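Participant: Mind looking over this structure? Questions follow.
The values are calculated or read from the model by the stated rules, or taken from the named source; none is laboratory data. Remember, it's a predicted structure, so these values are computed and weren't measured experimentally. In this analysis, Cβ positions are derived from the backbone assuming ideal geometry, glycine residues included, and neighbour counts consider all displayed protein chains. Just the protein is used for accessible areas: all its heavy atoms, side chains included, with ligands, DNA and RNA removed. Shrake-Rupley method; radii C 1.70, N 1.55, O 1.52, S 1.80 Å.
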Amino acid sequence: MADEDKKKKRSLSDWMSGRNGADALGICVFVVAVILIIINVFVRTFILSGFSLLLMIYVCWRMASRDVEAREVENVVFLDFVSPIVPWFRHPGTAAKELKEYKHLQCPDCGQRVRVPRKKGKLRVTCPKCGTKFEAKS
Ligand SMILES: [Zn+2]
């Protein structure tokens, strides 16, 4: 029995090797799909069940994908996209305070996000990444 279990585990890890597996994007899509399925228990629409099924298929396809590099790029794009909203889920209080006290600007040269204190009038900002100086109202 134990040997049988070991064999099963090995064949799964063999199958998983060289494949993308679960990443942040995959987990997030999975959670959204589960939420939609739960909502659909109450509303029961064809569109929602079809859509959640498509999401589940996408999650499985991502995990099984052998093009790990392409999936990695998608994951990075996704993380970049959600990074401004993540603090609102983790620490809503801190995020609200942050928004009240700081303004987030973008470097006109390299696109780097720069945080400046609010209500300080006109500021001369130096980009920490590329050193570009620009003026901004806070
Ligand atoms: Zn810059």
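Participant: If R66 passes every condition in (1) closer than 25 Å to R19 by Cα; (2) without any contact (Cβ under 8 Å) to a residue 40 or more places away in the chain; (3) open to solvent by 90 Å² or more (accessible area, probe 1.4 Å) but one, which one does it miss?
Facilitator: Condition not satisfied by R66: (2).
Participant: I'd like the full set of residues that are farther than 12 Å from S138 by Cα, open to solvent by 50 Å² or more (accessible area, probe 1.4 Å) and at pLDDT 90 or above, limited to the range 95-112.
Facilitator: Matches in the range 95-112: K97, Q106, P108, D109, C110, Q112.
Participant: Scanning for something surrounded by 11 or more Cβ atoms within 10 Å (Cβ to Cβ) and within 16 Å of the ligand (Cβ to nearest atom), does the range 117-125 turn up at least one residue?
Facilitator: yes
Participant: Looking at F42, F81, which is the one that is open to solvent by 100 Å² or more (accessible area, probe 1.4 Å), over 30 Å from M16 (Cα atoms) and out of contact with any strand residue (DSSP E or B) (no Cβ under 8 Å at 6 or more places or on another chain)?
Facilitator: None of the other options fit; the residue is F42.
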